[in-house]
Every structure is written in C-alpha cells, then in structure tokens.
Amino acid sequence: MTGVRSLSGGALAHSVLAAGLVDPDLLSTWIREPARLAAIGVDPKTIDLDSLADFAGLVEKVRQNPCRMYLQLTFRLLALTGLEIELFRDYAPTSVRRRQLGLNSPIERVDGLANFVESWAKDEDPVRSLIRDVLRHEHALALLFAATGVLGADARRVGPSGRSIPTHSGVVLVRTLSCDPEQVSRVIRQRIPDLASIERGRWTFAYHRGADGRIQQLTVEQGVGDLLLLVDGETCVGDIAEQLFGDRAAVESLLSAFDQLAKAGLLGWRPDEALAT
Amino acid sequence: MEYLVPEPLGPVLVGLAYGPMVAGFLERHRSFIDYVEVAFEQIRHHPPTARIQEDVPVLLHCSSMSVAGYVPPRESTLDAIADVARQTRTPWIGEHLAFILADRLDDRVNADPTELTYTVCPQLSMETIERVEMNLGRLRSRFSVPIILENSPQYFATPGSTIAMPRFIAQVAQVCNVDLLLDVTHFLITTSNMELDPLESLHSLPLERVVEIHFSGMSMQSGRWWDDHSAPAPEQAFELIEGAKDRIRAKAVTFEYNWALSMPESVVIEQIARARELLAV
C-alpha cells in the first residue's frame, strides 16, 4: 500500500512533470480527471497538461533515434509534415509497455512503431496514410536487413504437380502501398520539397533477401503479390489454386507463374517435394 | 592523443556534437573542426566512444547532474563524470540548467527517484535558484574543471514559475557565480514559445559570461517550437548572435547535429565558417 509523498513548491512541480513524462497513462488520467492533481497538491490550472503530453512526444521521438538508421525517409517525411510530436505523443503509452517487455533493439523499435502506425493512420487521411506506407516500405527493408540465417530454396522445377509445395527462397515480404517510395524519396530529398507532387495510387512491392544476402525490391502486380502471400511452405499448388480461383484446374497456370517467380529468385520448391517428383 | 586547450584571447574553437554523422565528417573535413563535444552519458553507456579522442580533442558535455533538481545524482555517477573529465582533460563541463531526477509522487520506502532520459526545464523561481546554488556548491568540489550551465528550451510554463527565463538565467549566473553555455536555439525556442523579444531578452543576459555557444535546429509542430538536432540551425540563430556579438567572447561554438544520420555537409561547412567569422576576436 502506498500513499502520496508530502512534497511542495519546486520539488512537487518537478515530481509532477517527471511522473507525467515517464507514465503516459497517468498523464492521460490527469488530462481526463484534473481533480486528481488537486489531490496531490497541484492546482490543475497551473499546469498545461496538453503541452506536457506534447513534450512527452518529443522525448519519445528522441528515444526512437536508434530507428533512424532504418527509417530515414519516414523521419524526414514526419518532419516535413509536422507530425513528429503528434505521432510520438500518441505512441508513447505503447512504447512504454514495449520497453517494459525489453523490446529495445533498433529493429524491435521499428517493429513497434510500424505496428502502431497501422492503426494510427487511416486510409482516408492522406498525410498519415502516406507516412504509414513509407514506414511499411522501410520496415520491410529493415526486416530484410536484420534477418539472420536466411535459407534459399531449390528453384529447380523437376516436374512439380498440384501436390508440390512452393516455398519462399530466402525472405520474401509483400507490401501494398498508396505511393511509390522511390518517387517519395526523390521529392522529399529536394532542397524545397513539394509534398503535393507525391503521386498517390496503388503499388505492390515484393521485397526479397536471398541466401546470398542480396536484397531486392520488385514492383509486382497485385495478383502476384497475393500469390506470394499465399506461399507459406506448407500449402501445395492445388490448394493455392483452390484458394485463389476456387478451381484446382488452375494449377497449370499457377505452375507457370511460380516458374517465373523461381527464375526471379523469389521462390523454390520444398526439398522433399522437389526430390520426390 | 590531443586535448582541447582554448587560448586566452585566441580564436573561437568550433566543434560538432558526437553523433552518427561525425565519423564521416572527420574523415573528409578534419581540418574544419577543432573538437568533438561528447556527452558523458555516451561514454558511460558505450565506453569505446571515448576512442574518438585518438582522432580529435574532446569537450565534455553532461546531462546527469540535475543541477536545478531537488534530487541529487548518485555518488557513483559523479565519480564517473569526474573520471571522464580527467580522462578527456576537458577544459570545462557543460551541464544543463535543468533537472533529470525528481522525487516520486508516491511514498514507497526506498523507492528510487523518477529518472528521466531527457533534461527538463525547471520551475523558474527564486526557490530553484537557491537550489542551483546549493547543488553547484556540492558539485564543484567534485571536479577540477569548471561547470558551465546551458539554458533549457522552454516549451510551456513550469508550474509555480515566477520569473521569466532570461531573468532566471541572469540570476543564476549572478547568484551562483557561474559561466554560461548559451544554446542559442534553445533561447530562440523559449522566446518564441513564451512570446518574448529574442534580442532584447538576449541582451538581458550576462553575455560576458558566455563561454560556449550551441547551435542546432528547431521545428514548429503542434503549435509550438521544439528542439531539433536533425535540422540545420535557422538563420535567426545566427542573426541573434550577430545582434549581440560585441558582448560575447565565447571560446567555443558547438553544432549539435547529433540526432540525424547525416546532414548536408555543405551546410555544416558553411555554418562553421559563418560561426568563426561571426565570433572572430
């Protein structure tokens, strides 16, 4: 059981600011129920809690500096759109919980931020969705850079059939974005960036890291992206045809598509199936 | 190993705050800078950081003393700062006129104080000035070099404040007989957020006591100005120093571009040259 420490003057003011900064949930409670501050001896009218929450956003932003090596475009875009403080203020409570779980490595920080932004940014908000999609792109690349023990797959087609099981060769990620990150990069690296010139639409990318460590980013059609997402190393071609087309007869055309993806280095066949057929 | 030795009445020294862009900059433009300013906390958390002194003299900065706070730092922290000060032979230690430790609000017995990762602007009051005086009295005896105090950026009014920031800094300098690290960007942020006239406010400081100047970027977000070490120092920062240069005899100018992975080097070189010219004796 704990009570409230008897503090006053500057010491109390500092304690309240510090408590609000390290505990965003407590700060939110004070914002909702200012009377709780009065109970510890602070007149709620003397403290700008909203500004304190913004300051917590700045502190959170600085705490995420180790992510910058992976998220250069995202941070640049956040600065240009003036949304850094807003985003990190909103992210602070989630970030605290992740730190308590020990998720502190740069890639874990990127994971946390990327997952949070998926719910923070809605499609109907053009600016937030742009930030989300640039972050999706850089998150995918970060995951590939951070991947260890990447294994290739046998790309030889030794007469696969509907029972053959395709598998990713190395690590393959698929992201659908409302922008082309390359074009965004060109725009925001200009001396005076014109954000209105960023093209919006629908792009699908396959991000690939092979066993040799090489990383590539391919623009693919939406259908190819969907196909790659269905490849899990467990499902056979016939079942994938069933899921995609509701028709196992589509196996031949799928085998042809898998062939192309294998030639691009993205796919192979599960070893036991490759040997067995 | 080189050490930083400012010459009395010598030219102003210019350096960069240690961060991701420093190694590349040193490799390509070593002759442009005189030192690298390293935070004690960087060396404490990653001791190999100190190896930078094999390439360039080091000036020590610090955020751990909680000079304007009501909770003292641990003795082990002060011992470690003293060790790094000796090791680097820094001519002074720049510390924030801020707090980074505070009492917990609850009364749990033996609970550690609240420890922040970022220095916070203190309550601006006579009570805090007395606290700074007391803290400095204790801290100074621990180090063989002077502590100079850096003005905090003020984003909002700290509860219980009774003095505006410029007067607070001036009073601290006078009462505590302490020299200053003028972070011109922090000062601009403060005067902008608190709606003060920047030049008039600057002239109200004891500028003759400014030993070192910091430049960094600032950004307007969510309705107010924020510190931003990933952006170049704004034109207003140079104009502000220009407007008071007759009263300033700083020994060193540090550009704090330590958040970003990179910064256009042409911008950094241009700003370094401008600082040297602006503060030439």
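The values are calculated or read from the model by the stated rules, or taken from the named source; none is laboratory data. Treat the numbers as computed from the prediction; the structure is a model and nothing was measured. Counting neighbours? That spans all protein chains shown, and the Cβs are built from the backbone with ideal geometry, glycine included.
Residue B:72 falls short on exactly one of the conditions (1) over 20 Å from residue A:11 (Cα atoms); (2) touching a residue at least 40 places away in the same chain (Cβ under 8 Å); (3) surrounded by fewer than 21 Cβ atoms within 10 Å (Cβ to Cβ), and that condition is (1). Just one residue in the set A:163, A:97, A:136 is more than 12 Å from the chain's Cα centre (by Cα) and assigned to a helix (DSSP H, G or I); that residue is A:97. For the stretch A:218-228, residues that are surrounded by 14 or more Cβ atoms within 10 Å (Cβ to Cβ) and free of Cβ contacts under 8 Å to residues at least 60 places away in the same chain total 6.
Yes or no: residue B:235 surrounded by fewer than 18 Cβ atoms within 10 Å (Cβ to Cβ) and either within 19 Å of residue A:189 (Cα to Cα) or within 14 Å of another protein chain (Cβ to nearest Cβ) (or both)?
Details: surrounded by fewer than 18 Cβ atoms within 10 Å (Cβ to Cβ): yes; either within 19 Å of residue A:189 (Cα to Cα) or within 14 Å of another protein chain (Cβ to nearest Cβ) (or both): no.
Answer is no for this residue.
If we keep just the residues of the stretch A:42-52 that are surrounded by 15 or more Cβ atoms within 10 Å (Cβ to Cβ) and more than 9 Å from chain B (Cβ to nearest Cβ), which is nearest to residue B:193 (Cα to Cα)?
Our first condition is that a residue be surrounded by 15 or more Cβ atoms within 10 Å (Cβ to Cβ); within the stretch A:42-52, this holds for A:42, A:44, A:47-49, A:51-52.
Next, from what is left, pick out any that are more than 9 Å from chain B (Cβ to nearest Cβ): A:44, A:49.
Details: A:44: 21, A:49: 16 Å.
Of everything passing the filter in the stretch A:42-52, A:49 is nearest to residue B:193 (Cα to Cα).
The residues of the stretch B:114-145 that are within 27 Å of residue B:80 (Cβ to Cβ), part of a loop (DSSP other than H, G, I, E, B) and either at pLDDT below 95 or among the small types (Gly, Ala, Ser) (or both), listed by number, are B:141, B:144.
Quick one: is residue A:113 more than 10 Å from chain B (Cβ to nearest Cβ), in a helix (DSSP H, G or I), under 12 Å from the mean Cα position of the chain (by Cα) and buried (at least 19 other Cβ atoms within 10 Å of the Cβ)? Outline the logic, then answer.
Values: more than 10 Å from chain B (Cβ to nearest Cβ): yes; in a helix (DSSP H, G or I): yes; under 12 Å from the mean Cα position of the chain (by Cα): yes; buried (at least 19 other Cβ atoms within 10 Å of the Cβ): yes.
Yes: the conditions hold for residue A:113.
The numbered conditions (1) surrounded by fewer than 16 Cβ atoms within 10 Å (Cβ to Cβ); (2) in contact (Cβ under 8 Å) with a residue 60 or more places away in the chain; (3) not aliphatic (A, V, I, L, M) are all true for residue B:249 except (2).
Residue B:184 satisfies every condition listed in (1) closer than 30 Å to residue B:24 by Cα; (2) within 13 Å of another protein chain (Cβ to nearest Cβ); (3) at pLDDT 95 or above; (4) buried (at least 17 other Cβ atoms within 10 Å of the Cβ) except (2).
Within the stretch B:28-78, being assigned to a loop (DSSP other than H, G, I, E, B) and either in contact with a Cys (Cβ under 8 Å, 6 or more places away or on another chain) or under 21 Å from residue B:272 (Cα atoms) (or both) holds for B:33, B:34, B:55, B:56, B:57.
Looking at the stretch A:188-217, which of the residues that are hydrophobic (A, V, I, L, M, F, W, C) and surrounded by fewer than 18 Cβ atoms within 10 Å (Cβ to Cβ) is nearest to the chain's Cα centre (by Cα)?
Pass one, the stretch A:188-217, residues hydrophobic (A, V, I, L, M, F, W, C): A:188, A:192, A:195-196, A:198, A:203, A:205-206, A:211, A:215.
Remaining after also requiring surrounded by fewer than 18 Cβ atoms within 10 Å (Cβ to Cβ): A:192, A:195-196, A:211, A:215.
Working: A:192: 27, A:195: 22, A:196: 24, A:211: 23, A:215: 18 Å.
If we take residues in the stretch A:188-217 being hydrophobic (A, V, I, L, M, F, W, C) and surrounded by fewer than 18 Cβ atoms within 10 Å (Cβ to Cβ), then A:215 is nearest to the chain's Cα centre (by Cα).
Are any residues in the stretch A:76-87 touching a Ser or Thr at 6+ places or on another chain (Cβ under 7 Å) and surrounded by 18 or more Cβ atoms within 10 Å (Cβ to Cβ), and if so, which ones? Within the stretch A:76-87, A:79, A:85 qualify. (1) among the aliphatic types (A, V, I, L, M); (2) buried (at least 24 other Cβ atoms within 10 Å of the Cβ); (3) more than 8 Å from chain A (Cβ to nearest Cβ): which one isn't true of residue B:102, the others all being true? The failed condition is (3).
Going through the stretch B:192-250 one residue at a time, which ones are among the hydroxyl-bearing types (Ser, Thr, Tyr) and either touching a Lys or Arg at 6+ places or on another chain (Cβ under 9 Å) or more than 20 Å from residue B:15 (Cα to Cα) (or both)? Give the steps one after another, and end with the answer.
As a first pass, look at the stretch B:192-250 and keep what is among the hydroxyl-bearing types (Ser, Thr, Tyr): B:192, B:201, B:204, B:216, B:219, B:222, B:230.
Within the stretch B:192-250, B:192, B:201, B:204, B:219, B:222, B:230 qualify.
Of the residues that sit in the stretch B:116-147 and are of a type outside the set (Ser, Thr, Tyr) and within 8 Å of chain A (Cβ to nearest Cβ), which one is nearest to residue A:63 (Cα to Cα)? Filtering first and then ranking leaves B:116. Considering only residues that are under 22 Å from residue A:196 (Cβ atoms), in contact (Cβ under 8 Å) with a residue 12 or more places away in the chain and facing another protein chain (nearest Cβ under 10 Å), which ones fall in the stretch A:54-79? A:72, A:76, A:78 - these are the residues of the stretch A:54-79 that are under 22 Å from residue A:196 (Cβ atoms), in contact (Cβ under 8 Å) with a residue 12 or more places away in the chain and facing another protein chain (nearest Cβ under 10 Å).
Checking B:81, B:148, B:100 one by one, the residue that is assigned to a helix (DSSP H, G or I), of a type in the set (Val, Ile, Thr) and under 20 Å from the mean Cα position of the chain (by Cα) is B:81 and no other. Restricted to the stretch A:116-137, and to residues that are surrounded by 16 or more Cβ atoms within 10 Å (Cβ to Cβ) and without any contact (Cβ under 8 Å) to a residue 24 or more places away in the chain, which residue is farthest from residue A:68 (Cα to Cα)? The selected residue is A:121. Inside the stretch B:82-99, can you point out the residues that are surrounded by 23 or more Cβ atoms within 10 Å (Cβ to Cβ), of a type outside the set (Val, Ile, Thr) and either away from chain A (no Cβ under 13 Å) or free of Cβ contacts under 8 Å to residues at least 12 places away in the same chain (or both)? Correct list: B:94, B:95, B:96, B:97.
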